[in-house]
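One structure is given below, encoded as structure tokens.
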Amino acid sequence: MTNLSENQRRKYVQAMFARIAPHYDRMNRLMTAGQDVRWRREVIRRAALPPGGRLLDLGAGTGDLATEALRQVPSSQVIAADLTLEMMQAGRSSKHASLAWAGADALRLPFPDQSFDALVSGYLLRNVSNIPHALSEQLRVLKPGGRMVALDTTRPPHNILSPLINFHLHKVIPALGRLLAGDAEAYTYLPDSTRRFLSAEQLAARMVEAGFCQVAFRRLMFGTMAIHWGIK
């Protein structure tokens, strides 16, 4: 992956998520012991979406965050946007009937400036090839005062639990992927992308550099996940 061009990486990630789309929700529940449901609720709470507000769920996958936004703020206008058609098709057949869907590349968002009151993402940023540009695009489409909230994996700090965490990431998750999704390669890439991704502190610094203010984060699941947030 490190030797792939931006376009090659984009195609690789798109093809991988197309393959695992039918199993994506179930695997997320298993890999996080169901905790990702609670984390997504927190993401939407931190987005502070006003009644009738517009929210973009970017890299929406099957639309879990977008569905949660409609549950918490039924009057909101929510768009679930993703690069992979198969993921959106899987979500469209199982999620909120009124949810709007859009094809979108995180590096070239097809939305006008200042379109949204809030923007959320789940496990998006570790998969983009140019994080500063992706953050710049997110800032562009937010209204002044709009909030960005991102749930993603993060490099865990080294501690006494590190051997157990590494075993779960690099042995248990690929085995689950092979047995339940029939795709050990995809579920080897996902833990590897955690190892290569920014630390929580580094991502927060990138958000500040992009122009977000009041940036903060909270680590989850023994430091392997984090929720980041900031305001335009």
note = Of the residues Thr62, Ala204, Pro22, the Cα lying farthest along the dipole of the chain towards its positive end, which is defined by charges on the beta carbon of Lys, Arg, Asp and Glu, belongs to Ala204
Dimensions in Å of the range 43-127 - Rg and Dmax from alpha carbons = 11.7, 31
ask   = Using Cα atoms only, what is the angle between the long axis of helix 131-141 and the major principal axis of the chain, expressed in degrees (0 to 90) to the nearest 10?
value = 30 degrees
message = Need the C-alpha centroid separation for the range 120-164 versus the range 12-50, integer Å.
response = 14 Å
ask   = How many percent of the accessible area of the chain is carbon or sulfur, using a 1.4 Å probe?
value = 55 percent
task = Tell me what the chain gives for mean residue ellipticity at 222 nm when only DSSP H runs of n ≥ 4 count, each as -39,500 (n - 2.57), the sum divided by the residue total, rounded to 500 deg cm²/dmol.
result = -12000 deg cm²/dmol
Choice from Leu30, Leu142, Leu190 showing the highest fluctuation, given a GNM over the chain with Cα pairs closer than 10 Å = Leu30
task = Using only C-alpha positions, report the orientation-averaged shadow area of the convex hull of the range 1-88, nm², one decimal.
result = 6.5 nm²
request  = Could you state the angle between the C-alpha long axis of helix 186-196 and the longest principal axis of the C-alpha atoms of the chain, as a value from 0 to 90 degrees rounded to the nearest 10?
outcome  = 80 degrees
ask   = What net charge is computed for the residues neighbouring Leu198, neighbours being all others with C-beta under 14 Å from the C-beta of Leu198, Lys and Arg scored +1, Asp and Glu -1?
value = +3
ask   = Can you give the angle from 0 to 90° between the axis of helix 35-47 and the longest principal axis of the chain, with both taken from C-alpha atoms, to the nearest 10?
value = 20 degrees
ask   = Rg and Dmax of the range 23-69 over Cα atoms: what are they, in angstrom?
value = 11.5, 34
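The values are calculated or read from the model by the stated rules, or taken from the named source; none is laboratory data. Since the model is a prediction, treat every value here as computed from it, not as a measurement. Don't worry about glycine lacking a Cβ; one is built from the backbone with ideal geometry, like all the others, and counts go over all protein chains shown. Ligands, DNA and RNA are excluded from the accessible area calculation, which covers all protein heavy atoms including side chains. Shrake-Rupley method; radii C 1.70, N 1.55, O 1.52, S 1.80 Å.
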